[in-house]
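Below is one structure, written out as C-alpha cells; comments come after it.
Each reported figure results from applying straightforward, stated rules to the coordinates on display, with no laboratory input. Here the structure is a predicted model, which is why all the values come from computation and not from measurement. As a convention, Cβ positions derive from the backbone with ideal geometry for all residues, glycine included, and neighbour counts pool all protein chains shown.
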Amino acid sequence: MLRMQKSKYAFVLLIVLLAGLALMPERGHPVMAAPNAASLPATPQPGAGPVSVFIWFDTEDYILPQSDDALRRVAEFLTRNGIRGTFKMVAEKSRVLERRGRKDVLASLVPHEIGYHTDTHSQHPTLAEFEEPLDWKDGIEEFTRRERAGFDDLHRIHGQIPTCYGQPGGSWAPQILAALRQWGVNVYIDEAPDIGLDGKPFWYAGMLNIFNTTYGFKLRPNDDFSNLADVKALFQKVYTETASQTGGGIISVHFHPCEFVHREFWDGVNFAHGSDPPPSDWKLPRVKTPEESEKAFGFFEGFVLHMKSFPVQFVTASQGMKLYPDLARNRTFSKTEIAEIARLVRSDVSFQVHGDYALSPSEVLSLLNKYAAAFIGNKSSGAVSLDATPYGPSRAAVQLTRQFEVPWYNFSRTILDVSDALAKSGQVPYPVWVGSTPVPPECYLAALARVSTILVESGKAPATVAVGPAKLTTTQYVAKDSPDLWDWPIYHPGFQGTHILELARLQTWTLKPAILRSATHSATQ
Ligand SMILES: [Zn+2]
C-alpha cells in the first residue's frame with residue numbers, strides 16, 4: 001500500500017519536475033549571461049524547492065562613530081521591507097552605543113535577531129591567539145572566562161539572548177564551539193575556510209554550522225561597490241541552482257555596517273600585526289565621501305530588493321534550527337536500524353546519511369557501543385537511543401599498523417570501558433584499550449561494527465574479535481595548514497594555528513551533513 005502510494009507520488013513528482021525543468025534556464029547557461037539580467041523579473045519556478053536567505057551582519061566597529069548611523073540605516077531599511085536580519089554584535093560595540101546615548105540605533109535593532117561576535121573582536125590576544133597553546137578542555141574554559149561577560153552584556157543591552165555566533169576575521173578554534181554549546185548557542189554562522197562540508201550546512205561539535213557556503217564570499221560587493229549588476233546576476237544563478245535541489249536550500253549573505261562608511265576596517269588601523277595600543281591612541285579609519293557612501297548603501301539596498309523580488313523566504317540564524325533539525329538526536333533506533341548503521345561502517349570511518357537524519361562518527365560509536373553493552377548486560381531490548389553527540393578525543397592516539405585478535409572476554413571488557421568513558425567524559429576515548437593494546441578509537445569502531453553485526457544477526461557473541469588499522473576520513477574536511485589560512489592582518493607576526501587544526505581534525509568525530517527538513521519532507525510525503 002505504502003509502496004504503491006510512493007511510486008504514484010514519484011510519477012507525479014517526475015511530471016512536475018520535468019515541467020519545471022522545461023521552464024528553467026538551462027544549466028550551464030545561467031541567466032547571468034544576459035546583459036540586463038539584473039533587471040529581469042523573478043518568476044517562481046514550478047517544482048522549485050523553497051529557498052531561504054540568511055542576511056547577517058558582523059557589527060563590530062566601536063571606534064568610528066559614523067558606523068553607528070550606518071547600522072541604523074541598514075536595520076531600518078530591512079525593517080521597512082519586512083525582513084529580519086541577524087546582527088552579530090561585538091559586545092563593545094553595543095556598550096559604546098549605550099555610552100554614546102544612541103538609543104535610536106539600539107531601537108532600530110529591536111525587530112531583528114542578535115548574535116554574538118565576541119567581546120572586543122580584535123584586541124589582543126584574539127581568540128585563535130589564546131586558543132592555540134591550549135588543549136581541548138582548557139580552551140573551552142578560557143573562552144568562557146574571557147568571553148562570557150560580553151555575551152551577557154548583549155543580553156542586558158538588547159534584551160535578547162544571542163542566538164548565534166561567528167568569529168572575528170580568521171580567528172577560529174574548535175574549543176569555542178563546545179563553549180558556546182554550553183551557553184545554549186546552537187548556530188554558528190560565518191564564512192571562513194577552516195572547515196567545510198561541500199559548501200552546505202553541517203553539524204560540528206554539536207552546533208549547526210551555516211559556514212563556508214559555496215557562494216558566501218561571492219555574493220559580496222567589490223572594493224568600490226561597483227559590481228551590483230554582477231552580484232544580482234549571480235544571485236539569479238544561485239537561486240536557480242538552489243531551487244532545483246531536492247527540497248530547495250539556503251543562501252547566506254553577509255555585510256558589515258561599517259563597510260558602507262569607511263575606506264578601511266577600524267581594526268586594521270589599530271590592531272594589525274599584534275599591535276595593541278591604549279584607547280587614547282586609537283585612530284579613526286579613513287571614511288568614504290558622501291557620494292561613495294551612497295553608492296555603497298545603494299549596493300546593499302539594491303541587492304536586498306533584488307533578492308526580495310524572488311520567491312525566497314528571509315530567515316534568521318535561529319530559524320536555521322527549524323530548517324535543519326537534527327533528527328538523530330533523542331531518536332530511538334530499532335535493531336534493524338542498528339544493523340544497517342553497523343553494516344555501513346568501513347575501515348575508512350566517516351559520517352552516515354540515512355533518509356531524514358545523519359550520524360557523525362562519534363554518534364555511530366555511541367549507538368553501536370550502547371547496543372553491544374546492553375547485549376553484554378543482558379539488557380538488550382533491541383533498541384537504543386542517541387541522547388548526545390560525544391565530542392572527539394582531546395589528542396591523537398597511537399597508530400595501529402597491524403591487525404590483532406583478542407578473545408571475546410577482552411573485547412567485551414573494552415565495550416564496557418568505552419561505555420563508561422563516553423558517559424563520564426562525553427568524549428570519544430583515546431586510546432581505546434583492547435586487552436593490553438592501546439588502539440585509536442577509529443580502529444575500535446570498525447571492529448565494534450563487525451561485532452555489532454554478529455550480535456544482531458546471530459544473537460551470540462563471537463569467540464574472538466579482530467582489531468585492525470582504520471582511518472577517520474572526516475578529517476579531510478578541515479583546511480590544510482598553510483600560512484594563507486592564518487593571514488588575518490590582525491594576528492601577531494608569525495602566528496600559525498597548527499595546534500588548532502590538530503584539535504579541529506580530532507573533532508571531526510562530530511561532523512555530519514545537516515539535512516534540510518523540506519528535503520526529507522518532500523521526499524517522504
Ligand atoms: Zn568581524
Return L78, L344 ranked ascending by Cβ neighbour count within 10 Å, so the fewest neighbours appear first. L344, L78
For a test of the definition: using alpha carbon positions, the gyration tensor, and the 1.5 limit on a/c, classify segment 269-381 as rounded, prolate or oblate. prolate
Would you kindly derive the ³J(HN,Hα) couplings of segment 295-305 from the backbone phi angles with the Karplus curve 6.51 cos²θ - 1.76 cosθ + 1.60 (θ = phi - 60°), listing them in order in whole Hz, with x for Gly and Pro? 5, 5, 4, x, 4, 4, 5, x, 5, 5, 5
Compute the angle between helix 228-243 and the longest alpha-carbon principal axis of the chain, please, reported from 0 to 90 degrees and rounded to the nearest 10. 30 degrees
If the reach is capped at under 23 angstrom between alpha carbons, list the lysines near K232, excluding any in the same chain fewer than eight residues apart. K200, K218, K295, K308
For the charge dipole of segment 276-344, defined by +1 on Lys and Arg C-beta atoms and -1 on Asp and Glu C-beta atoms about the Cα centroid, which residue among V287, N330, S318 has the Cα displaced farthest towards the positive pole? N330
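FRET efficiency for D387 and R145, Cβ-Cβ distance as r, R0 = 30 Å, nearest 0.05?
0.60
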For L472, distant residues with modelled amide H under 5 Å away: V349
Among the lysines, which have Cα under 20 Å from the Cα of K288 when same-chain residues fewer than 8 positions away are ignored? none
What angle do you read, to the nearest 10 degrees and between 0 and 90, between the alpha-carbon axis of helix 408-425 and the longest principal axis of the chain? 30 degrees
Pairwise label distance in nanometres, H155 with R84, each label 7 Å out on the Cα-Cβ vector: 1.9 nm
For K137, give me every one of the lysines with a C-alpha distance below 18 angstrom, ignoring sequence neighbours fewer than eight places off in its own chain. K424
Hey, what do the phi angles of segment 487-504 turn into as Karplus ³J(HN,Hα) couplings, whole Hz, using 6.51/-1.76/1.60 and θ = phi - 60°, x for Gly and Pro? 9, 4, x, 6, 3, 5, x, x, 5, 9, x, 4, 5, 4, 5, 4, 5, 4
Under 5 Å, built H, 5+ apart or other chain: amide partners of K288: H262, R263
In vacuo Debye scattering of the chain, one point per C-alpha: log10 I(q)/I(0) at q = 0.07, 0.09 Å⁻¹? -0.45, -0.73
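May I ask for the net charge around R220, where only other residues with Cβ less than 12 Å from the Cβ of R220 are counted and Lys, Arg are +1 while Asp, Glu are -1?
-3
Evaluate the charge dipole of segment 332-477 about its Cα centre and quote only its size in Debye, nearest 20, assuming +1 on the Cβ of each Lys and Arg and -1 on the Cβ of each Asp and Glu.
Approximately 300 debye in magnitude.
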Karplus (6.51, -1.76, 1.60) ³J(HN,Hα), θ = phi - 60°, over segment 198-213, in Hz, Gly and Pro reported as x: 6, x, 10, x, 8, 9, 8, 6, x, 10, 6, 10, 9, 8, 6, 7
State whether segment 332-477 is rounded, prolate or oblate according to the following rule on the C-alpha gyration tensor (a ≥ b ≥ c being the square roots of its eigenvalues): a/c under 1.5 gives rounded; otherwise a/b larger than b/c gives prolate, and the remaining case gives oblate. rounded
All other residues with a Cβ under 13 Å from the Cβ of S381 taken together, and with Lys, Arg as +1 and Asp, Glu as -1, what is their net charge? +3
If you restrict to DSSP beta bridges whose two residues both lie in segment 41-197, what percentage is antiparallel, to the nearest 5? 0 percent
Based on DSSP H runs of at least 4 residues, each adding -39500 (n - 2.57), what is the mean residue ellipticity at 222 nm of the chain after dividing by all its residues, to the nearest 500 deg cm²/dmol? -13000 deg cm²/dmol
Shape of segment 397-525 from its Cα gyration tensor (a ≥ b ≥ c, root eigenvalues): rounded if a/c is under 1.5, otherwise prolate when a/b > b/c, or oblate? oblate
Would you please give the residues with an amide H less than 5 Å from that of Y391, counting only those at least 5 places away or on a separate chain, with H modeled from the backbone geometry? Q427, V428
Within-14-Å neighbourhood charge of P513 [Cβ basis; K, R +1; D, E -1]: -1
